[in-house]
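Q: Pasting a structure here, questions to come.
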Amino acid sequence: MASDLEAKAKEAFVEDHFELAVDLLSQAINLEPNKAELYADRAQGNIKLNNLTEAVADANKAIELNPSLPKAYLRKGTACLKLEEYQTAKAALEIGASLSPDNPRFVNLIKECDKLIAESYTTIPIQEKTIARDDNPKDVQQQDDLPEKPPVAVNKPKYRHEFYQKPDQVVVTIFAKKIPKESITVEFGEQILSVSINVPGEDAYVFQTRLFGKIVPSNCRYEVLSTKIEIRLEKAEAIHWSSLEFTKNVVVPQRVNASSVTASHRPSYPSSKQTRDWDKIEAQVKKEEKDEKLDGDAALNKFFREIYQDADEDTRRAMKKSFVESNGTVLSTNWKEVGSKKVEGSPPDGMELKKWEY
């Protein structure tokens, strides 16, 4: 029973056996995958184990299942705070405080966020780390003679991913074919990218990482194509990312001058075999996708997507409002026409629109 596992997990928390608590809660989640409290409690265990990105993922899942659960926002705020995602942490904590105004932990953590946000605007010089070594040559020899750790086997991920970058942007590609858009969830934090793919009948895929540098979440976007998921991350600073994932090594980032990149000198990126112009490859792939001939619903969806992508804000608002209010039977691009009134449903000829009774 999931309740028995949950009770045992609470006992493990009391005894500071956090790994056991996380394991027990994972078993309980397998039995009750829609119980938000289990994810929120597992997030706490992951915070204690310093598995911070996993904690954020669990907190997000708890919020998705129960948006009015205060401790889910507390877990997310705490994990993001430790990840130095101060703005994201503050936003989560403020929602939690509105749901549980008598809980002083929210107030204290929000104050800490405000303090750290203010301090983050102060430039702190990066100092080189020096490794202190004993002057005794025997000690040095003993350190050098330590046996190497055996390699750890790593499970191959379900989907392959790659990334390349421009002066102001990082493009992440996950090669997942024919995945329904509704099965994909992409979330952006100040320095976190989280991608989950849940296809019924298949094992869930989760790609979550702390990024090399900070991004602007509001300007990030993604697109689901027939052969891949393409994610565009806008850099908070125009610096060169030496990797996609965050590294603790002290590296002075190389600032990129965007104006120096001209049409005559496009950025190329190295590979193991040859130098590739990724901008040229990207343009070629987009052209192939644009020219791809689709039938039926796929062709209609592509047509609507192209209209929406190229539309101004009023046109997009009109399309959303008309489609939702008409239960998918009307799609208007005229905001002046639909903005001031409710859009009534318009069923196809020979059919009748009926309201469901609950």
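The values are calculated or read from the model by the stated rules, or taken from the named source; none is laboratory data. Just so we're clear, the structure is a prediction, and the values are computed from it rather than from any experiment. Glycine also receives a Cβ, built like all others from the backbone with ideal geometry; neighbour counts cover every protein chain displayed. In case anyone asks, the SASA skips ligands and DNA or RNA and just uses the protein heavy atoms, side chains included. Shrake-Rupley method; radii C 1.70, N 1.55, O 1.52, S 1.80 Å.
Q: Got a number for carbon plus sulfur as a percent of region 1-72's accessible area, 1.4 Å probe?
A: On the way: 1760 of 3660 Å².
Percent of accessible area from carbon and sulfur atoms in region 1-72: 48.
Q: Then there is this: Working with all protein chains in place, sort ARG210, ARG221 by solvent-accessible area computed with a 1.4 Å probe, largest first. Walk me through the intermediate numbers first.
A: Numbers: ARG210 50, ARG221 135 Å².
Ranking ARG210, ARG221 by accessible area, largest first, yields ARG221, ARG210.
Q: Once you list every other residue whose beta carbon is under 14 Å from the beta carbon of GLY77, what net charge do they have if Lys and Arg are +1 and Asp and Glu are -1? Walk me through the numbers on the way to the answer.
A: On the way: positive: LYS71, ARG75, LYS76, LYS82, LYS90, ARG105, LYS111; negative: ASP58, GLU84, GLU85, GLU94, GLU112, ASP114, GLU190.
Value of the local net charge: 0.
Q: So, one more: When all protein chains stay in place, what accessible area (Å², nearest 10, 1.4 Å probe) is found for ILE47?
A: Answer for ILE47: close to 20 Å² accessible.
Q: Moving on. To the nearest 10 square angstrom, how much accessible area does GLU11 have with a 1.4 angstrom probe?
A: Here the residue's solvent-accessible area equals roughly 120 Å².
Q: In addition: So what is the relative contact order for region 2-64, in percent, with contacts set as C-alpha pairs under 8 Å and at least six apart? Show your work: numbers first, answer last.
A: Numbers: 74 pairs, mean separation 18.4, N = 63.
After rounding, I find 29 percent.
Q: Over the alpha carbons of region 160-234, what is the largest minus smallest coordinate on each principal axis, giving the biggest first in Å?
A: 38, 20, 20
Q: Here is a further query. So between ALA238 and SER218, what do we pick up on full extension, going 0.36 nm a residue minus the alpha carbon distance?
A: Details: separation 20, 0.36 × 20 = 7.20 nm, distance 1.68 nm.
Difference between extended and current length: 5.5 nm.
Q: Between region 167-246 and region 56-126, what is the C-alpha centre distance in whole Å?
A: That distance is 22 Å.
Q: Provide the per-residue ³J(HN,Hα) series for region 206-215, in order, calculated from phi with Karplus coefficients 6.51, -1.76, 1.60 and θ = phi - 60°, each as a whole number of Hz, with x at glycine and proline positions.
A: 10, 10, 9, 8, 7, 6, 4, x, 7, 10
Q: Turning to a different aspect of this structure: Hey, can you find the accessible area per residue of region 160-234 for me, probe 1.4 Å, expressed in square angstrom? Could the numbers behind the result be given before it?
A: Details: 3470 Å² over 75 residues.
It amounts to 46 Å² per residue over region 160-234.
Q: Can you list residues whose amide H is under 5 Å from LEU211's amide H, if they're 5+ apart or on another chain and H is modeled 1.01 Å from N?
A: ILE192, LEU193, PHE246
Q: Then there is this: Sort largest first and round to whole Å: the equivalent ellipsoid semi-axes of region 2-122, each the square root of five times a Cα gyration tensor eigenvalue. Walk me through the numbers before you get to the answer.
A: Numbers: eigenvalues 136, 44, 29 Å².
Gyration-tensor ellipsoid for region 2-122: 26, 15, 12 Å.
Q: Now for a different question. Can you tell me, using C-alpha contacts under 8 Å and at least 6 residues apart, the relative contact order of region 160-234 as a whole percent?
A: Details: 141 pairs, mean separation 25.3, N = 75.
Once divided by the residue count of region 160-234, the mean separation gives 34 percent.
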